[in-house]
Amino acid sequence: MTQVFRLPFEGGATHQLAGATVLQLIPDLEENPAARAAIDIAVALGEAGARALIACRGGRLAAELQARGGIFVPFPSYTKNPLAMALNARRLAHILAAERADMVHVRSRALGWVAYGAARMTKTPLITSFHSGRQSSNPVTMRYNSVLARGDIVLADSDYAGRLARKLHAPAAGKIRIVHQGIDCRIFAQEYVTPERVQAVRRQWNAGAHEQIVLFPAPVTHASGYKSVIEAALLLSRSGIDGVKFILAGSGKESRALNRSIDRAIAREGLQGMVSRASLGDRPAAYLAAAAVAVPAAGAQALGETVIQAQAMGTPVIAANVGAAPEMVLAPPAVAESSRTGFLVKPGDAAALALSIAKVLSLGASASGQLSERAKKHAGACFSMEQSRARTLDAYAALWRGGR
């Protein structure tokens, strides 16, 4: 098969994946974490001398993918209709055979069943990505989720996700590899954010020079824990704390009804001067503009890259102690106080959230600096894009060696 690109790997050595063809199946190539992760892996595959295909509906990032050496394969990826999914499995099987794909990697559940069917038809090795939020007590949902534990290799984004995968599909136990989600430490790093960017964010928030910002940088939903933030602000206000401003920085896609509900809750408690809704905008600068980042999510799925990004910027994080949170935010009793990178609280516990916020805001310069350095080191060592890329390609290589 003609190789579209074959670049030398590190030090001129030939990578184990040189000559392989890998197809990734994702919903689309719009600006979202799944598309970004797929493009990043495609670039890494190209650097390793492999051929990287991404099959999906398309999107604005298709041009970027092809400019960086990947191949876009049009595919009708948006359907959950069982009949359409069965037809898509046959379409994908045809693509895998025509492209002589050595393996297929899928990250979403509906497409997981499509890829699972196509891989069985063509005997193509299957890699699945299993995420920490795939937990449910509903038997039908559990069955639906289990497809992402049925790969020949299962890439779990945490030890917690690995345990969930084993629970949903016992044979996955010997096939799981932990690949933490990666962030670009060239974007989320203090040294790359100018003071002007930080000041611009604070002006957008109407924050006074003396005000310490507690940032809630998550899509505002009924399950995201925003009510705990408002309750914590009320408790701190009643305790006499001064000079603190809470920013609920949603995605901008919240419904008008939800926004009205939030505004009424703020007004009802008399917190208009202390709690505000705003857009997040420049995310790295927003983290630096904040004295603390609060992610009191009620469910594991609401956590994720936010707490990693904030730690990479050195901003103290207070997160709900659910799911994989103890792996992302190191805190006692799991680690010694000297190894703490943030704070964990019981989800929905506004009093515990308020107490942790008060602790963070009262840290002295030395203690705050040490916490910041530990958080940055933890994020860089365990959650960088480089480690995610390397571990994913290692899994590909192990599967390809076995297949050959």
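Observations, loosely collected:
- Relative contact order computed over segment 144-221 (Cα-Cα under 8 Å; 6+ residues apart), in percent: 23
- Applying the Karplus relation 6.51 cos²θ - 1.76 cosθ + 1.60 with θ = phi - 60° to segment 204-209 yields 3J(HN,Hα) values of 4, 8, 6, 8, x, 4 Hz, where x marks Gly and Pro.
- Spatially proximal lysines relative to K175 (Cα-Cα < 17 Å; intrachain offsets below 8 disregarded): K167
- Here Q370 and R256 are evaluated by their C-beta separation; at R0 = 35 Å the FRET efficiency comes out at 0.20.
- For A319, the residues whose amide H sits under 5 Å from its own are V295, F343, L344, V345, ignoring neighbours fewer than 5 places away on the same chain, with H placed 1.01 Å from N.
- Rough spin-label spacing in nm, given labels placed 7 Å along Cα→Cβ, for R163 and D184: 3.4
- Among the trypsin sites (Lys or Arg not before Pro) within segment 88-126, those in coil by DSSP and having at most 16 neighbouring Cβ atoms inside 10 Å are R100, K123.
- In this structure the amide hydrogen of V275, modeled in the peptide plane, comes within under 5 Å of the amide hydrogens of F246, none closer than 5 places in sequence on its chain.
- As a rough guide to protection, the peptides 235-248, 307-320 ranked by mean Cβ packing within 10 Å, highest first, stand as 307-320, 235-248.
- Simple label model, 7 Å out from Cα along Cβ direction - L87 to T122, nm: 1.9
- The relative contact order of segment 313-397, computed from alpha carbon pairs under 8 Å that lie at least 6 residues apart in sequence, is 30 percent.
- For the peptides 349-358, 259-268, residues were scored by their other Cβ atoms within 10 Å and the scores averaged per peptide; the highest-first order is 349-358, 259-268.
- Think of the chain as having a plus end and a minus end, set by charges on the Cβ of Lys, Arg, Asp and Glu; of G70, A324, A84, A84 sits farthest toward the positive end of this dipole.
- With the highest mean first, a sort of the peptides 374-381, 360-367 on other beta-carbon atoms found within 10 angstrom per residue produces 374-381, 360-367.
- Contact order for segment 190-382, expressed relative to its length and based on alpha carbon pairs under 8 Å spaced 6+ residues apart, stands at 23 percent.
- Computed magnitude of the charge dipole of the chain (debye, nearest 20; Cβ of K, R +1, Cβ of D, E -1): 1200
All of the numbers you see were taken from the coordinates with simple rules; none came from a lab. Model, not experiment: these values are computed from the prediction. Every residue, glycine as well, gets a Cβ built from its backbone with ideal geometry; the counts of neighbours run over all protein chains shown.
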